[in-house]
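Every number in this text was worked out from the coordinates using simple rules, so none of it is lab data. All figures in this text were calculated on a predicted structure; none of them were measured in a lab. Don't worry about glycine lacking a Cβ; one is built from the backbone with ideal geometry, like all the others, and counts go over all protein chains shown.
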Amino acid sequence: MPAGRGLLCGATGLALLLAATVTHGWLQRRAPGDIASLGLWRLCLGGQCHPHPATPALWEATRVLMLLSVLAAAAGLALGVSVAAGTARRARARVAGVTLLLAGLLALLALAVYTVGTLSLLGPARPAWRFSWSYILGWVAVVLTSSAGLFHLCAATKDLSPESSEVVGA
């Protein structure tokens, strides 16, 4: 049963990671007659979206960490799906769990870097900007992918099947 929960959390976490990475709702500014939003890839002003004119190194680091997190979550989810098929189920569940935990850690680092970097870059304009829905999706994805990893690790410890990797070598 924990493996099923891990797959559900992993799939949902991967979907949220993808949504958070590609959308432009990380920061939002609402002023009378002016709405602006900022994402990892685009800046949107008044309904017109454009690539960032200049990207600080901290945001570049966030992009890389988020992309690595998406890749790790996809790999962990694929490994989690493969647990049900074939031999060495315990080993696959462990690797799936560790990979999903890595995805959660990478996303956590990305969001921490973005938070610290953005607050320092905004300076006095900070009160006008708010972290928005894409940013929040990223934090929810951290919880879900990390939970998926823990579920897979728990499933690996409870797997008593004779075809697990530890029994095959004996």
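Would you kindly work out the equivalent ellipsoid of segment 12-140 from its C-alpha gyration tensor and give its semi-axes, the square roots of five times the eigenvalues, largest first in whole Å?
Value: 35, 14, 11 Å, ordered largest first.
Among A156, W139, A107, flag the residue with its Cα farthest along the positive direction of the charge dipole of segment 12-169, charges on Cβ as +1 for Lys/Arg and -1 for Asp/Glu.
W139
Grab the beta carbon distance between R42 and K158, set R0 = 41 Å, and tell me the FRET efficiency rounded to 0.05.
0.35
In the neighborhood of W129, defined by Cβ-to-Cβ distances under 14 Å, what is the net charge if each Lys or Arg adds +1 and each Asp or Glu adds -1?
+3
Quick one: go through segment 125-153 and flag any residue whose amide nitrogen is under 16 Å from the point 7 Å out along the Cα-to-Cβ line of S82.
none
Bin width 5 Å, alpha-carbon pairs only: give the P(r) of segment 80-161 as whole percents, running from 0 to the bin holding the largest distance.
The percentages, shortest bin first, are 3, 15, 19, 16, 12, 10, 8, 6, 5, 3, 2, 1.
If the only charges are +1 at each Lys and Arg Cβ and -1 at each Asp and Glu Cβ, what is the size of the charge dipole of the chain around the Cα centre, to the nearest 20 debye?
For this selection, approximately 240 debye.
Please work through the chain and write down the cysteines that have no neighbouring cysteine Cβ at a distance under 4.7 Å.
C9, C154, each lacking another Cys Cβ under 4.7 Å.
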